[in-house]
Amino acid sequence: MIRTLLTYKNGKSLQGGLELIDEWRSKPDTYLWLDLEAESEERELEILKSMNCHPLAIHDAQRPRHPPKIEEFSNYTFILYRGIASFSAELEHEAQTIALFVGKNILITRHPKEALSVNRMFNDTGAAQLRMGAGHLALKIMHTSAGIYLDALLEFESHLSDIEDSLVTNGNDELMRELMVYRSRLVKLRRLFNYHRNITDELRSEEYDLIAISDEPMRHAITDLHDRFDRLYTMTEMFYSICGDLIDGYLSIASHQLNRTMQVLTVITAIFIPLGFLAGLYGMNFEYIPELHAKNGYFYLLGVMGMIAVGLLVLFRKIRWL
């Protein structure tokens, strides 16, 4: 799908297709947003080349997997951003690479699937942001995407609190498996947010002319975006640590319960070892055992065995094995 948004300085805006490119070229005081969604690589290559995008940037944009990055070219500042196709409170997410070509009065976005942040901006405040400059719109798209991540993480925080309560009162292996899955997803998100935080760090370095931090509104937008990614990174780091602590706590409880069980079995074994020795000793088939013909010898032996068992129980209680 190819769609365009053309805005004029007087506030007028038009939505359409490739036909608005000629209108934009004929009027230098207009701003254009060209969005390419799920187009064939050949078609994308043709359009991007006609817009004077650098071949290396086009190649990076069309790669199926590429870490987020920012790079300056003669006509565009090129940003590869990891956007969102879908995201849930259980941290199940389908990420996709969104390529942003930021020009002087044009923004080109390219993504292989529907992008939530792009759709929100295209339908709502995209025209107003575009009139402020293509760089403002690019930052707003990333800011909107970061907001979707943030909303999901805040929902996950509540879910993680419920898991913590359940683990304390009724911990089980199912909760353990769920926490392990969350840890894996949080590692991926933490790596992703670190990439994006590095991009905003670079934007603050004043090396990019088309997204100039010397412009006060732009500086505030970059700082706000950096703070949001920094918060996302910190939250994923914190949730990862919490999941690790919960897993370690559950393993400690399970280990303690196992130790208590083994302790009880050890006590039982320790009591029956001397009793079994006496039973085996007097169960031998020898005629000349001194106590064999003693009157009430059987009951004496039972009494001795009982005294040994009670004595061991008292001893184990005293040394707090029971």
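The values are calculated or read from the model by the stated rules, or taken from the named source; none is laboratory data. Predicted, not measured: the structure shown is a model, and the values here were computed from it. Heads up, the Cβs are rebuilt from the backbone with ideal geometry, glycines too, and the neighbour counts pull from every protein chain shown. To get the accessible areas, we keep the full protein, side chains included, count just its heavy atoms, and leave off ligands, DNA and RNA. Shrake-Rupley method; radii C 1.70, N 1.55, O 1.52, S 1.80 Å.
Quick check: anything in the stretch 197-211 among the polar types (S, T, N, Q), open to solvent by less than 70 Å² (accessible area, probe 1.4 Å), within 25 Å of H66 (Cα to Cα) and part of a loop (DSSP other than H, G, I, E, B)?
Within the stretch 197-211 (the criterion being among the polar types (S, T, N, Q), open to solvent by less than 70 Å² (accessible area, probe 1.4 Å), within 25 Å of H66 (Cα to Cα) and part of a loop (DSSP other than H, G, I, E, B)), the answer is yes, since at least one residue qualifies.
Please go through the stretch 290-322 and pick out each residue that is over 20 Å from G280 (Cα atoms), open to solvent by less than 100 Å² (accessible area, probe 1.4 Å) and either of a type in the set (D, E) or not in a helix (DSSP H, G or I) (or both).
I319, L322
State whether one or more residues within the stretch 11-30 are under 35 Å from the mean Cα position of the chain (by Cα) and part of a loop (DSSP other than H, G, I, E, B). Break it down into steps so the answer makes sense when it comes.
At the first step, the residues of the stretch 11-30 found to be under 35 Å from the mean Cα position of the chain (by Cα) are none.
No, the stretch 11-30 contains no residue that is under 35 Å from the mean Cα position of the chain (by Cα) and part of a loop (DSSP other than H, G, I, E, B).
Which residue out of I47, I79, I58, I2 is open to solvent by 30 Å² or more (accessible area, probe 1.4 Å) and among the aliphatic types (A, V, I, L, M)? Full working, then the answer.
On the way: I47 fails: open to solvent by 30 Å² or more (accessible area, probe 1.4 Å); I79 fails: open to solvent by 30 Å² or more (accessible area, probe 1.4 Å); I58 fails: open to solvent by 30 Å² or more (accessible area, probe 1.4 Å).
Criteria check complete, one pass: I2.
For the stretch 251-274: of the residues being in contact with a helix residue (DSSP H, G or I) (Cβ under 6 Å, 6 or more places away or on another chain) and at pLDDT below 85, which is nearest to V304 (Cα to Cα)? Talk me through it step by step, then tell me what you get.
Start the filter on the stretch 251-274 by keeping residues that are in contact with a helix residue (DSSP H, G or I) (Cβ under 6 Å, 6 or more places away or on another chain), which leaves 267, 271, 274.
Cutting the leftovers down to at pLDDT below 85 gives us 267, 271.
Values: V267: 19, I271: 13 Å.
The residue in question is I271.
At least 1 residues that are hydroxyl-bearing (S, T, Y) and either open to solvent by less than 20 Å² (accessible area, probe 1.4 Å) or in contact with a helix residue (DSSP H, G or I) (Cβ under 7 Å, 6 or more places away or on another chain) (or both) in each: list the helices (runs of 4 or more DSSP H) lying fully within the stretch 109-191 that qualify. I'd like the intermediate steps shown before the answer.
Working: elements: 116-123, 126-132, 134-170.
Qualifying helices (runs of 4 or more DSSP H): 116-123, 134-170.
What's the total number of residues in the stretch 75-120 that are modelled with pLDDT under 85 and in contact with a Leu (Cβ under 9 Å, 6 or more places away or on another chain)?
The qualifying residues number 10.
What are the residue pairs meeting all of these: first residue in the stretch 57-73, first residue over 20 Å from D209 (Cα atoms), second residue open to solvent by 20 Å² or more (accessible area, probe 1.4 Å) and among the hydroxyl-bearing types (S, T, Y), Cβ atoms under 9 Å, and 6 or more apart or on different chains?
P67/Y195
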